[in-house]
Amino acid sequence: MADCIFCKIIAGEIPSTKVFEDETMLAFRDIDPQAPEHIVIVPKAHIESTNDINVTNSGFVAAIFEKIPQIAANCGFAEDGYRVVNNCGKNGGQTVPHLHFHLMGGAAAGKMY
Ligand code: 5GP
Ligand code: ZN
């Protein structure tokens, strides 16, 4: 989608440090990490937010969650655990309107609220 930062990263128009890619998803390092290991995982399909997940596109979400353990293991922090976060909309703190999951590890996470 035009003017979507994550679609531009997927298309290679904006550089990123990729940690995993297949035909349905891309995982890359967050530009402003909030944990020692902070990876953003996006479906390649432009889905705006969790509010737009439905029966026709939920397979992309399932594929991401099936791959998260491998991504965490490859990055060396699976064994100690990690946090997966999705921000949806204004009150969720979503700043990029392309569905994504934050995979954060490398240190004990704090409380969210
Ligand atoms: P949100 O706040 O929407 O849940 O998360 C968006 C995330 O994308 C933020 O953590 C932000 O640092 C990250 N981000 C925004 N623009 C870029 C970019 O151009 N490159 C990378 N690698 N991360 C980005
Ligand atoms: Zn997009």
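The values are calculated or read from the model by the stated rules, or taken from the named source; none is laboratory data. Being a predicted model, the structure only gives us computed values, none of them experimental. Methodologically, a virtual Cβ is constructed for each residue, glycine included, from the backbone with ideal geometry; neighbour enumeration extends over all protein chains shown. Just so you know, the surface numbers come from the protein's heavy atoms only, side chains and all, with ligands and any DNA or RNA stripped out. Shrake-Rupley method; radii C 1.70, N 1.55, O 1.52, S 1.80 Å.
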Selection within segment 69-85 - touching a Phe, Trp or Tyr at 6+ places or on another chain (Cβ under 6 Å) and open to solvent by 40 Å² or more (accessible area, probe 1.4 Å): VAL84
Looking at ILE14, ILE41 in this structure, which one is touching a helix residue (DSSP H, G or I) at 6+ places or on another chain (Cβ under 8 Å), aliphatic (A, V, I, L, M) and open to solvent by 40 Å² or more (accessible area, probe 1.4 Å)? ILE14
For segment 60-76, state whether one or more residues are within 20 Å of PRO97 (Cα to Cα) and of a type in the set (S, T, N, Q). no
Are any of the residues in segment 72-86 touching a residue at least 60 places away in the same chain (Cβ under 8 Å) and of a type in the set (A, V, I, L, M, F, W, C)? no
Please state which of the following conditions GLU66 fails to meet, knowing it meets all the rest: (1) open to solvent by 70 Å² or more (accessible area, probe 1.4 Å); (2) touching a residue at least 12 places away in the same chain (Cβ under 8 Å). (2)
Looking only at segment 21-30, and only at residues there that are more than 12 Å from HIS102 (Cα to Cα) and surrounded by fewer than 17 Cβ atoms within 10 Å (Cβ to Cβ), the one that is nearest to ligand 2 (Cβ to nearest atom): THR24
Might you check whether a residue that is at positive phi and more than 14 Å from ligand 2 (Cβ to nearest atom) occurs anywhere in segment 83-103? yes
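Yes/no per residue for (1) under 30 Å from GLU79 (Cα atoms); (2) buried (at least 18 other Cβ atoms within 10 Å of the Cβ):
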| residue | (1), (2) |
| --- | --- |
| ASP3 | no, no |
| PHE6 | yes, yes |
| ASP32 | yes, no |
| PRO36 | yes, no |
| ASP52 | no, no |
| VAL55 | no, no |
I need the full set of residues from segment 44-61 which are within 14 Å of ligand 2 (Cβ to nearest atom) and either in contact with an Asp or Glu (Cβ under 7 Å, 6 or more places away or on another chain) or in a loop (DSSP other than H, G, I, E, B) (or both), in order please. LYS44, ALA45, HIS46, ILE47, GLU48, SER49, ASN57
Please go through segment 11-48 and give me each residue that is within 12 Å of the chain's Cα centre (by Cα), over 15 Å from THR95 (Cβ atoms) and free of Cβ contacts under 8 Å to residues at least 60 places away in the same chain, ordered by number. LYS18, VAL19, PHE20, GLU21, MET25, LEU26, PHE28, ARG29, PRO43, LYS44
Exactly one of ILE71, ILE64, ILE10, ILE41 is within 14 Å of ligand 2 (Cβ to nearest atom), in contact with a strand residue (DSSP E or B) (Cβ under 7 Å, 6 or more places away or on another chain) and assigned to a helix (DSSP H, G or I), and that one is ILE10
